[in-house]
Ligand SMILES: NC(=O)c1ccc[n+]([C@@H]2O[C@H](COP(=O)([O-])OP(=O)(O)OC[C@H]3O[C@@H](n4cnc5c(N)ncnc54)[C@H](OP(=O)(O)O)[C@@H]3O)[C@@H](O)[C@H]2O)c1
């Protein structure tokens, strides 16, 4: 397939899409990467491109218009989409990319929608050669690749996989955007009227194949727990609902390389004292109440009014002062232990996410040939792995370090 662009950023006018475009011009001199900015409004695209001070071509496409989406997809090696909530606006684009053999990356964290896309389009993507990779932002790149890196180190040091891995957020500073809140709210609303989906969201193997055969019961922290490995009170981590599913899918796509009984879970490390116990309990309680509160009319209305609106998000100052520090503790079947640290130098949801998404798209366009990795629904660890870690450490401010 001969294409005009390496990447097209669809949703260039979104809050995160604009950060992506600014990162592209800051990182690559004009002409080094052949790319275009796409969206549904020519006037909004024009004002984004004007602010970039580079001559970036634009493409008009609406997420409801398959003909325009196909025209856009056929012009590019990779489509990078920030048009979300994806469950509301993303389905036609995945269909079109799967049919046209165009590679695709996005920022969804919506497991119900990913499941639906895999069911509908996996066979088509395998036939056309399209590599579809969801979750290329803070959820789930640092987690999927953090585990991948830990497993690589375990093979080097112990010649065995870590069959139990715990991840704890040690530190994190950042804020949410309207688009992210809208995606989360939509997911809880869908689940409130769909018992199958509610069950699916609790299933760590929800994104594995029907024939996965995994049965290991996973730790599922819902309230304050004292964790001996992290030597502190820990609380549930909101992103675990998507990240754990992605990591288990990576295990299956990797031929169960981390083990038939691989266990993986995620928490936030709060601290040691009584105050930390109370904080961890409060986080657990809040996370149990929120999905219910958002689906009930009076509280749901109030919450939606208070939360940031679509198109809004953290200021540049907040993005630059943000960061994240994640720790992975892995154990082999023989009880040998490794700790890995993954950090990012900007706020996780926007500053860092934008850099990760761009590098994931470029990695598919430039580093991973179709002969090397065939079409299908992949995860970042299984289709990009080491080349993406290299890009993220060289160009996106992430670090991956073995601590012991
Ligand atoms: N995984 C992560 O770590 C992570 C981090 C950040 C964001 N996200 C996700 O990324 C997505 C974007 O977030 P955001 O805060 O940047 O959202 P946002 O500012 O609300 O932007 C939404 C975008 O969708 C576009 N859009 C809406 N309907 C469309 C249609 N029919 N056709 C074409 N475009 C359409 C909007 O275009 P207009 O500008 O023309 O209105 C806008 O560009 C959300 O789904 C969010 O959950 C994920």
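The values are calculated or read from the model by the stated rules, or taken from the named source; none is laboratory data. Note that this is a predicted model, so its numbers are computed, not measured. Counting neighbours? That spans all protein chains shown, and the Cβs are built from the backbone with ideal geometry, glycine included.
In table form, for the structure just shown:
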read-out	value
Residues satisfying the stated conditions in the range 40-55, i.e. at positive phi and within 16 Å of the ligand (Cβ to nearest atom)	none
Residue that is surrounded by the fewest Cβ atoms within 10 Å (Cβ to Cβ) [pool: residues in the range 119-158 that are in a strand (DSSP E or B) and within 14 Å of the ligand (Cβ to nearest atom)]	133
Inter-residue pairs, beta-carbon under 9 Å, first on the phi > 0 side of the Ramachandran plot and in the range 197-220, second assigned to a loop (DSSP other than H, G, I, E, B) and modelled with pLDDT of 95 or more, 6+ apart	213/256; 213/260
Considering residues of the range 7-38 that are in contact (Cβ under 8 Å) with a residue 12 or more places away in the chain, out of contact with any strand residue (DSSP E or B) (no Cβ under 7 Å at 6 or more places or on another chain) and not in a helix (DSSP H, G or I) only, the residue farthest from the ligand (Cβ to nearest atom)	30
Given (1) in contact with a helix residue (DSSP H, G or I) (Cβ under 6 Å, 6 or more places away or on another chain); (2) part of a helix (DSSP H, G or I), index of the condition residue 104 fails	(2)
Residue selected from the range 68-89 under the condition in a loop (DSSP other than H, G, I, E, B) and buried (at least 24 other Cβ atoms within 10 Å of the Cβ), by the criterion nearest to the ligand (Cβ to nearest atom)	84
Per-region count, the range 186-221, residues assigned to a loop (DSSP other than H, G, I, E, B) and touching a helix residue (DSSP H, G or I) at 6+ places or on another chain (Cβ under 6 Å)	6
Residue in the range 389-401 that is more than 20 Å from the chain's Cα centre (by Cα), surrounded by 15 or more Cβ atoms within 10 Å (Cβ to Cβ) and either under 17 Å from residue 102 (Cβ atoms) or not assigned by TED's automatic domain parsing to the domain that holds residue 15 (or both) present	no
